[in-house]
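To keep things clear, I will list the structure first and then write my remarks on it.
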Amino acid sequence: ARATARFTQEQRHAILAAAEKMIQNDWRGHGFTIPFATQTNLAAAMLEWFEFKYYTMTRNTATLKATWNANDKGQWGVTLKPNMVEVRVIDKGKRGGLEWDKKLIGKAAEHFAAFWERIGKPTEGRIFPFDEKALNYFLRECYEKAGVPASTYAGMTDHIWRHTGAQDLLDATAWNYAVVAATGGWESIDVLKHHYGEVPPN
């Protein structure tokens with residue numbers, strides 16, 4: 001069932017609308033606080049998180065570790081180019097971590113560049129400075145407020161965005177597994193097909 005899991009376009013819009021309302025105030029739940037109102041950079045990062053996750057299909061652990069600056073091994077960092085943004089992340093792989101250059105193009109690149117400018121053009125630190133557990137609790141509340149059934153994202157609160165991005169890009173490319181595997185960061189087409197890319201019955 002997970003190989004066809006995705007949010008519909010209507011659900012995504014409803015989730016973003018819920019998130020936009022929720023970040024107007026500091027969020028509290030399950031013993032966590034995300035100070036959106038008092039730290040406006042976090043509010044901007046939260047909205048960008050949705051777009052980054054959807055278009056790059058990056059796993060959440062790698063997303064939350066990504067930084068603006070490269071470390072001494074050059075493993076992290078953001079490169080802003082005309083009409084393209086590249087974010088280097090370390091994602092899981094057979095050897096305990098593989099480097100991937102995740103690309104945003106077109107409007108997604110413009111939005112990311114605007115986000116960078118809005119938060120003061122940082123040159124260091126994490127791009128998305130959230131606690132993973134707090135973020136997942138926040139996301140579940142967004143989904144509830146958006147009226148999305150819990151069965152849609154059961155067991156993959158943040159990971160559903162990787163599935164959604166994969167399914168939508170496969171659909172948009174006439175099920176071109178090679179393109180989607182290279183874009184989303186899958187080591188093989190077989191892994192993508194088995195876990196994310198089953199062709200829906202319709």
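Conditions: (1) of a type outside the set (A, V, I, L, M, F, W, C); (2) over 16 Å from Phe130 (Cβ atoms); (3) open to solvent by less than 40 Å² (accessible area, probe 1.4 Å); (4) modelled with pLDDT of 95 or more. Lys107 meets all but one. Number of the miss?
Among (1) of a type outside the set (A, V, I, L, M, F, W, C); (2) over 16 Å from Phe130 (Cβ atoms); (3) open to solvent by less than 40 Å² (accessible area, probe 1.4 Å); (4) modelled with pLDDT of 95 or more, the lone unmet condition for Lys107 is (3).
Is one or more of the residues making up region 165-188 on the phi > 0 side of the Ramachandran plot, of a type in the set (A, V, I, L, M, F, W, C) and open to solvent by 40 Å² or more (accessible area, probe 1.4 Å)? Explain how you work it out, then say what you get.
If we filter region 165-188 for residues that are on the phi > 0 side of the Ramachandran plot, which is where we start, we get 174-175, 185.
Next, from what is left, pick out any that are of a type in the set (A, V, I, L, M, F, W, C): 174-175.
Next cut, open to solvent by 40 Å² or more (accessible area, probe 1.4 Å) only: 174-175.
Checked against the condition, which is being on the phi > 0 side of the Ramachandran plot, of a type in the set (A, V, I, L, M, F, W, C) and open to solvent by 40 Å² or more (accessible area, probe 1.4 Å), region 165-188 yields at least one hit.
Report yes if Lys65 is surrounded by fewer than 21 Cβ atoms within 10 Å (Cβ to Cβ) and modelled with pLDDT under 95, otherwise no. Even if it seems obvious, please write down each step before you answer.
On the way: surrounded by fewer than 21 Cβ atoms within 10 Å (Cβ to Cβ): yes; modelled with pLDDT under 95: yes.
Judged against the criteria, Lys65 is a match.
Name the residues in region 9-28 that are polar (S, T, N, Q) and open to solvent by 60 Å² or more (accessible area, probe 1.4 Å), would you?
Scanning region 9-28 gives Gln9, Gln24, Asn25.
Filtering region 111-141 down to residues that are surrounded by 13 or more Cβ atoms within 10 Å (Cβ to Cβ), more than 15 Å from the chain's Cα centre (by Cα) and not charged (D, E, K, R), which residue is modelled with the lowest pLDDT?
Here the residue is Pro122.
With respect to Thr58, is the statement that it is assigned to a loop (DSSP other than H, G, I, E, B), surrounded by fewer than 17 Cβ atoms within 10 Å (Cβ to Cβ) and at pLDDT 90 or above true? Talk me through it step by step, then tell me what you get.
Working: assigned to a loop (DSSP other than H, G, I, E, B): yes; surrounded by fewer than 17 Cβ atoms within 10 Å (Cβ to Cβ): no; at pLDDT 90 or above: yes.
For Thr58, the condition - assigned to a loop (DSSP other than H, G, I, E, B), surrounded by fewer than 17 Cβ atoms within 10 Å (Cβ to Cβ) and at pLDDT 90 or above - is not met.
The values are calculated or read from the model by the stated rules, or taken from the named source; none is laboratory data. Model, not experiment: these values are computed from the prediction. Quick reminder, even Gly has a Cβ in these numbers, built from the backbone with ideal geometry, and neighbours come from all protein chains shown. In case anyone asks, the SASA skips ligands and DNA or RNA and just uses the protein heavy atoms, side chains included. Shrake-Rupley method; radii C 1.70, N 1.55, O 1.52, S 1.80 Å.
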